[in-house]
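Heads up: the structure comes next, in structure tokens.
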Ligand SMILES: *Cc1c(COP(=O)(O)O)cnc(C)c1O
């Protein structure tokens, strides 16, 4: 028996159940992924025991010789990977990474622009219950009704009208390429700081499959656990001139001790992302997303913006006569995990939503390819059409398990063991 099994059989058993869930279901949540054994080993290490408030060479505690090197390695690897001048690897999450930039750039009551949450923006870009919507004045910009692409003209008009301190470019549910050069022009026209949030697409940016904001943005934030496939956490990158202000906004500004075990795991993930297989992995994410999107459209599903350039697609379910919430529940019964998602100009409230968001980073980590994507689209279609027949849903669930067994995750030959 393992130490955990002896000390806390209840939690041990829940972890085992979760392992089985991850192994036997199709994970299509666009923000999720399966990190490697090496990343998990670093994250589960004794580094969790170390307090290291401060930064390498300037700590408030003794005994930091080893963790100093770990954090320096993490910072240098991130700098090289993203080609940026300054990096802070301490934010506990993507939202904290964003918070640290807001604290660096703005005072309470200042205005900033961010993508409308109903059009793909993230909670940390002005949700009324989030700090980002409570402390600051948010001016949301949106996508065009005609093609669901960011309305760059509207962004410019709003920027000229409101003169925000900062403009944020980045999203949680936007399936197309983002033009940082245009945002950069607009920001400099109105004297705003430009922040790019690449939480979802960081892996694609590293692989060169999506333009990098690094040459254009003053600050770039990202999570490390989405396409980047590292441990759960965030990082912030910026131009050299903002470096020391940013660092002191993170510590002592908004966090105490850094999670050194997570920072070690981030370093491992950056090493993997700089490795020879990463570009191939990211290209397969994109080709899988395109294959899945194409087959869904063949089957009469309507896709926001008519397709995808990246790792995700937003499916408008209106033509199929179900809401996003209903589809999420139906697919759950069929062994397929997705999240309901508002579509631009959604007539339904966010709790119901007209769409689902589907992403391919996790199934691509399992080595699934174009033919599985075609099958997955078929299974989604059959599940929604057969939603009133429990037998049909069960049959699909069995088929999902067959696919999962063919592409094991954690066992012998499992993809995360490589
Ligand atoms: C996921 C995400 C974040 C932050 O995520 P956390 O859950 O706080 O780690 C920030 N911005 C965008 C655009 C995201 O998609």
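Set side by side, the residues 158, 149 differ, and just one is closer than 27 Å to residue 338 by Cβ and away from the ligand (no atom under 16 Å from the Cβ), which is 149. If you go through segment 228-274 and keep only what is in contact with a strand residue (DSSP E or B) (Cβ under 8 Å, 6 or more places away or on another chain) and part of a loop (DSSP other than H, G, I, E, B), you end up with 228, 232, 233, 239, 251. Quick check on segment 374-385. Is at least one of its residues in a helix (DSSP H, G or I), modelled with pLDDT under 95 and under 23 Å from the mean Cα position of the chain (by Cα)? So far as segment 374-385 goes, no, none of its residues is in a helix (DSSP H, G or I), modelled with pLDDT under 95 and under 23 Å from the mean Cα position of the chain (by Cα). In this structure, residue 137 does not qualify as assigned by TED's automatic domain parsing to the domain that holds residue 71 and within 16 Å of the ligand (Cβ to nearest atom). Inspect segment 278-294 for any residue being assigned to a helix (DSSP H, G or I) and more than 22 Å from the chain's Cα centre (by Cα) and give the result as yes or no. Taking every residue of segment 278-294 in turn, at least one turns out to be assigned to a helix (DSSP H, G or I) and more than 22 Å from the chain's Cα centre (by Cα).
Of all residues in segment 77-133, those that are part of a loop (DSSP other than H, G, I, E, B), within 16 Å of the ligand (Cβ to nearest atom) and out of contact with any helix residue (DSSP H, G or I) (no Cβ under 7 Å at 6 or more places or on another chain) total 7. Being more than 16 Å from the ligand (Cβ to nearest atom), within 18 Å of residue 112 (Cβ to Cβ) and surrounded by fewer than 19 Cβ atoms within 10 Å (Cβ to Cβ) is the requirement here; does residue 245 meet it? Taking the combined requirement at face value, the residue satisfies it.
For segment 97-141, residues that are touching a strand residue (DSSP E or B) at 6+ places or on another chain (Cβ under 9 Å), closer than 20 Å to residue 246 by Cβ and surrounded by fewer than 19 Cβ atoms within 10 Å (Cβ to Cβ) total 2. Checked against (1) surrounded by fewer than 16 Cβ atoms within 10 Å (Cβ to Cβ); (2) in a loop (DSSP other than H, G, I, E, B), residue 34 meets all criteria but (1). The set of residues in segment 387-402 that are out of contact with any helix residue (DSSP H, G or I) (no Cβ under 6 Å at 6 or more places or on another chain) and within 12 Å of residue 26 (Cα to Cα) comprises 397, 398, 399, 400, 402. Residue-level analysis places residue 188 outside the set of residues that are surrounded by fewer than 24 Cβ atoms within 10 Å (Cβ to Cβ), within 21 Å of residue 99 (Cβ to Cβ) and modelled with pLDDT of 95 or more.
Being within 16 Å of the ligand (Cβ to nearest atom), surrounded by fewer than 19 Cβ atoms within 10 Å (Cβ to Cβ) and not assigned by TED's automatic domain parsing to the domain that holds residue 376: is that true of residue 240 here? The answer is no for residue 240. Just to be sure I understand, how many residues within segment 212-227 are in contact with a helix residue (DSSP H, G or I) (Cβ under 6 Å, 6 or more places away or on another chain), in a loop (DSSP other than H, G, I, E, B) and away from the ligand (no atom under 11 Å from the Cβ)? Count: 4. Here is a list of conditions, (1) more than 16 Å from the ligand (Cβ to nearest atom); (2) part of a loop (DSSP other than H, G, I, E, B); (3) more than 15 Å from residue 282 (Cα to Cα), and residue 208 meets all of them except one; can you say which number that is? Evaluating residue 208 over (1) more than 16 Å from the ligand (Cβ to nearest atom); (2) part of a loop (DSSP other than H, G, I, E, B); (3) more than 15 Å from residue 282 (Cα to Cα) leaves (3) as the failure. Which residue is nearest to residue 368 (Cα to Cα), if the candidates are limited to segment 321-336 and must be touching a helix residue (DSSP H, G or I) at 6+ places or on another chain (Cβ under 7 Å) and surrounded by fewer than 19 Cβ atoms within 10 Å (Cβ to Cβ)? If we take residues in segment 321-336 being touching a helix residue (DSSP H, G or I) at 6+ places or on another chain (Cβ under 7 Å) and surrounded by fewer than 19 Cβ atoms within 10 Å (Cβ to Cβ), then 333 is nearest to residue 368 (Cα to Cα).
The values are calculated or read from the model by the stated rules, or taken from the named source; none is laboratory data. This is a predicted model, so every value here is computed, not measured. All Cβ positions, even for glycine, are placed from backbone atoms using ideal geometry, and neighbour counts span all protein chains on display.
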